[in-house]
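What follows is one structure encoded as structure tokens, with my remarks underneath.
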Ligand SMILES: Cc1cc2nc3c(=O)[nH]c(=O)nc-3n(C[C@H](O)[C@H](O)[C@H](O)COP(=O)(O)OP(=O)(O)OC[C@H]3O[C@@H](n4cnc5c(N)ncnc54)[C@H](O)[C@@H]3O)c2cc1C
């Protein structure tokens, strides 16, 4: 894998690299922070802590470079986080094309716009996870954190009510206990740390109406400008994307409604290809491209927030909060809130009360900032066809590039979903959706559902602000 090799060429072999003594200098402490999981959230936490002069010891059961299930698209805000963490040069060395344009298509309409600029970054990227995650692990090590691979955390150590460390099984099968004032679970959706602290059951949860099936395709050698476009199309209830990535590949994801799962269970590859055929624009995009490798799947997906902070512990990345992949926000959020967690706790690690107050505040801020994006993602993940109101918004965006640009700013996290349209404009489009010829009764019912969802979401946000 060319990309992974490029990203890890300068990485010391963890088996032979000198390992700094795991002590922070404080008695009875093996590190200032133990981080479980070394990918997006874990590496981001570790970089921030190490830069602040704190000893972060990161434990991961994987050996890097290592793959994981993800379609790994980054919008400019995610690329900007990679740069902040010192991982961008290695990621760019994979040769992944800068995705400077974004295309959204539905009901025969297409909107294509430049990516918004976020912190000076004007493009997205799609880099396969072995190279992406190896670059992050490398950035954590270069910042001064210790990353131990092939180490599985099997439980937590406690001092009374406080989490005070972890038990870990190393690559030789040896079990040891490591102690630190803070344990951060950055160990993904099936987080062991969340289980151990009793936080696995989400505080908010929404089951997705879509499944994910994706494969890599060797792109058309004459794809030209299409290799700089991250594209998504909707056709009926189907949704499909094409993300050009490293090594001349294009990642093609389809997200059929869950009701069609049986077809995929019967013959996954045939159903995947048939779904692409149902999205004519996607099928056209793939002319001259050839599928390589297997179709991978993620089914039974749920978006959630888990309780993410308590005495001596916190949950970063997917361990604490997850959104359906349909809006491709997970990696950015794992990097962004992981970094912010590391920055926030670094000055207070020696004061347990201040530490717990800080992790609780970090959790509240993450929820406040992510809740509306979570709700917007849940709407796109419903698994239904475009509603009359959504079609009206597309029509408006085709005629008005400022609306199209505003829609893309939501993906870039520069604009809240509810701020894409001014209220009078939204009301006008709602009225127009009712006046169109066709199934007027259906349009009224659909608009009623859209309004009910918007009201319910606004109430949920108001409750979160109060709570
Ligand atoms: C199908 C799918 C498609 C997606 N597509 C996108 C996309 O296009 N763009 C996007 O931004 N996001 C996407 N996401 C989401 C994104 O992949 C995640 O948000 C991101 O990987 C979260 O990073 P993380 O560091 O929190 O967790 P993970 O990437 O899950 O890493 C967790 C790490 O913890 C380690 N670990 C777990 N348990 C233990 C243990 N007991 N001991 C030691 N180590 C342990 C694991 O080995 C792993 O390395 C997608 C997700 C899915 C499921």
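Values in this text are rule-based calculations from the coordinates and carry no lab data. From a predicted model like this one, the values you see are computed outputs, not experimental measurements. Note: ideal-geometry Cβ built from the backbone for every residue, glycine included; neighbour counts use all protein chains shown.
Each label was represented as a point 7 Å from its Cα along the Cα-to-Cβ direction; for residue 68 and residue 434 these points are 4.7 nm apart.
Under the simplified labelling scheme, the residue 258-residue 274 pair shows an inter-label distance of 2.1 nm, with each label point 7 Å from Cα along Cα→Cβ.
Maximal additional length on extending the residue 167-residue 368 stretch stands at 69.1 nm, based on 0.36 nm per residue less the C-alpha distance.
Counting only Cα atoms, the size of the range 236-323 along its three principal axes is 55, 33, 23 Å, in decreasing order. Once both axes come from the Cα atoms, what is the angle between helix 268-278 and the longest principal axis of the chain, in degrees from 0 to 90, rounded to 10? Relative to the chain, helix 268-278 is tipped by roughly 40 degrees. Computed extension gain for residue 294 through residue 418, at 0.36 nm per residue and net of the alpha carbon distance, reaches 40.8 nm. With both residues required to sit in the chain, DSSP beta bridges show an antiparallel share near 75%. Once C-alpha pairs closer than 8 Å and six or more residues apart are averaged by separation and normalised to the residue number of the chain, the relative contact order reads 19 percent. Between residue 112 and residue 441, the distance separating the two model label sites (each 7 Å from Cα on the Cα→Cβ line) works out to 4.2 nm. Rounded to the nearest 10 degrees, the inclination of helix 40-51 to the longest alpha-carbon principal axis of the chain is 50 degrees.
Centroid-to-centroid, using Cα positions, the range 357-434 and the range 297-330 are 20 Å apart. The range 102-158 gives an Rg/Rh value of 1.23, both radii derived from C-alpha positions and Rh following Kirkwood. Extension gain residue 360-residue 190, at 0.36 nm per residue separation less the Cα-Cα distance, in nm? Contour length minus the Cα-Cα distance gives 59.0 nm. Relative contact order of the range 209-300: 43 percent, from C-alpha pairs under 8 Å at least 6 residues apart in sequence. If you bin all the Cα-Cα distances of the chain at 20 Å, starting from zero, the percentages per bin are 24, 55, 20, 1.
Against the main long axis of the alpha-carbon atoms of the chain, helix 401-411 sits at an angle near 30°. Applying 1/(1 + (r/R0)^6) with R0 = 45 Å to the Cβ-Cβ distance of residue 225 and residue 177, what FRET efficiency is obtained, to the nearest 0.05? E(calc), rounded to 0.05, equals 0.20. May I ask for log10 I(q)/I(0) of the range 387-466 at q = 0.13, 0.17, 0.19 Å⁻¹, from a Debye sum over the Cα atoms as equal point scatterers with solvent left out? Ignoring solvent entirely, the Cα scatterers give -0.46, -0.76, -0.91.
If R0 is taken as 45 Å, the Cβ-Cβ distance between residue 89 and residue 200 corresponds to a FRET efficiency of 0.75.
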